[in-house]
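Just so you know, all these numbers are worked out from the coordinates, no wet-lab data involved. Computed from a predicted structure; not experimentally measured. Ideal geometry is used to build each Cβ from the backbone, glycine not excepted, and the neighbour counts take in all protein chains shown.
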Amino acid sequence: MKATRRGMLTRRSFLAAFTATLGALASWRLSWAQATYRTRVTFLLTNDIYLMEETAFADGTARGGFARLAAVVKAERAKGGHVIFAHAGDTLSPSLMSGFDRGAHIIELTNMIRPDIFVAGNHEFDFGKETFLKRMAEANFPLYGANLRDAAGRPLPGHKDRAILAFDGVRIGLTGLAYDRSPRVSSPEDLQFANTIETAKAQAAALREEGADFVVAVMHVDRGDALVLQFARTADLLLTGHTHDLFVNFDGLNAIVESGFDAHYVTAVDVDITVRESGGKRTMTWWPQFRVIDTAAVAPDPEVAAAVARLKEEFSREMDAPIGKTAVELDSRNAAVRTGEAAIGNLFADAMRISTAADAAIINGGGIRAGHVYPAGSTITRRDILAELPFNNRVVVIEISGRDLRRAIENGLQQLPVASGRFPQVSGITVVYDVARPAGSRVLSMQVAGKPLDEARTYRVAILDFLARGGDNYTMLRDAKRITPDSDAPLLANEVMAYIRRLGTVRTGIEGRLVAR
């Protein structure tokens, strides 16, 4: 009887121990299958930064430039948290210095700050494919270009489509896209650009398939395309460049951010992310906090400030030599050169027409860039002209019918009353137009060399190589007969400087070349 009781006790003990073991195993398995990961990541964004030095404002403040940008980035990284610094493109051009070294100084300074992701804007291609590839090879920071390929359809050297970074168990997916309209507005030659919207959707889907919890797309993109991607819930966070405005848009599900231009402001997005894993499935929730950092309140980083000062000294030695004076006010602000006839546009177009002995000349207002007013009596220097004409454009002579010349002027007037870079500054041409008429039929009358336009006649017209490639939608110029090959065409800045030297004093004002009725 005792032996039987002892056996029963032994069996009961075994069962109890076994049950306890199963419970422990189940508990361990449950804890393995159900996990929660939390992290905070700060995303810093700069975009469209062209000037290496700060900009002084009328109220006595100064903003922007690489030294202030560097101070912001270093301060955020010094906090010890997770920081992803994104550069959404447009920096190699246009600037005064880039006209000399084709953006080499920009790469030198950007290497001192090291973005975690960089994408190409349209201005990365202003000096052509070879220069773009050379500058990118000099970069010591990650390059992304999911929609950018070479002529054979291969990824560019040093570029990646996407990546996943892990912080505290949370997986951050990154993709980057170049500006897909670069062939129309810049000079990437045979580089290929896939559609931004479709590529972004495909890359975001691939990142999620590969395990990304939170997807970020850094892109140089038109605002309309960014909004399409936001409403399509493509990426959780869109960090953008191109529009030059300070923009934050969060609809509770997805966010778009842009940081203006020239690092006057830097946007910081502090994102709290929680990922819950259960049964092999992961669900993510997130919430952003947006900080706009005004770099007027930031002390420039001494190391980068010293590099900027050295570069300025190197470039300044020959820049301030005078080439002439002006007896009239010259205004190159956007409102002047992108909406109506401007004296400085007349001056530059005259230089093009006269130097090439053409019947007429057209320069797009967007090619005049400094945004400066030169009062009557001012001295004009090399620095002034190179600041106004930073793209290294060449003057190309084409032969074109009067009909297509009229179409070109209609294209230039198409977006009025909105200011646009395509607005034509002209020489040898007189146009009367009516903005109230439908786009494409706004020209009321037009003369070339003082005579009514003959649509059947062939005219010799001096234009920028940019327009000759169909830039700014001047597609009617793209197929025109070239009299001057691009490679042999003179630089516009050189022609303008030579013309001003010959004049001695500029007296070209607003003369009624473009008259709105």
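Specify which residue in the list Asn47, Ala456, Ala342 is farthest towards the positive end of the charge dipole of the chain, using unit charges on the beta carbon of Lys, Arg (+1) and Asp, Glu (-1), about the Cα centre.
Asn47
How do Ser98, Ser445 rank when sorted from fewest to most other Cβ atoms within 10 Å of their own Cβ?
In increasing order of surrounding Cβ atoms, one gets Ser445, Ser98.
Would you mind checking the tilt of helix 196-209 against the longest principal axis of the Cα atoms of the chain, expressed as 0 to 90 degrees and rounded to 10?
10
Within 10 Å of each candidate Cβ there may be at most 11 other Cβ atoms; applying that plus a DSSP loop requirement, which trypsin sites (Lys or Arg not before Pro) in region 58-124 survive?
Working: sites: Arg63, Arg68, Lys74, Arg77, Lys79, Arg102; in loops: Lys79, Arg102.
Answer by residue number: Lys79.
Which angle from 0 to 90°, rounded to the nearest 10, does the C-alpha axis of helix 402-413 make with the longest principal axis of the chain?
50
Stretch Thr458-Asp245 to full length: gain in nm at 0.36 nm per residue minus the Cα-Cα span? Write out the running numbers ahead of the final one.
Values: separation 213, 0.36 × 213 = 76.68 nm, distance 4.28 nm.
So the chain would gain 72.4 nm between Thr458 and Asp245.
With +1 on the Cβ of every Lys and Arg and -1 on the Cβ of every Asp and Glu, and nothing else charged, how large is the dipole of the chain about its Cα centre, in debye rounded to the nearest 20? Please list the in-between numbers first.
On the way: 62 positive and 60 negative charges, 449 e Å.
Charge dipole, the chain, about its Cα centre: 2160 debye, nearest 20.
Please order Glu410, Glu124, Glu399 by the number of other Cβ within 10 Å, starting at the fewest. Numbers along the way, then the final one.
Details: Glu410 19, Glu124 27, Glu399 14.
Fewest-to-most Cβ neighbours within 10 Å comes out as Glu399, Glu410, Glu124.
Quote the relative contact order of the chain in percent (integer), defining contacts as alpha-carbon pairs under 8 Å separated by 6+ residues. Before the final figure, lay out each step's value.
Values: 1186 pairs, mean separation 75.1, N = 517.
Normalised by residue count, the contact order of the chain is 15 percent.
For Phe141, Phe214, which order do you get if you count the other beta carbons within 10 Å of each Cβ and list the fewest first? Present the calculation step by step, with values, prior to reporting the outcome.
Working: Phe141 15, Phe214 24.
Ascending number of Cβ neighbours within 10 Å: Phe141, Phe214.
Taking the Cα atoms only, what angle lies between the long axis of helix 302-316 and the longest principal axis of the chain, rounded to 10 degrees?
It works out to around 20 degrees.
Which of the lysines could a cross-linker bridge to Lys281, judged by Cα under 24 Å and excluding same-chain residues fewer than eight apart?
Lys201
Would you list, by chain and number, the aspartates and glutamates whose Cα falls below 18 Å from the Cα of Lys134, excluding same-chain residues fewer than 8 positions away?
Correct list for Lys134: Asp90, Asp101, Glu108, Glu124, Asp126, Asp150, Glu189, Asp190.
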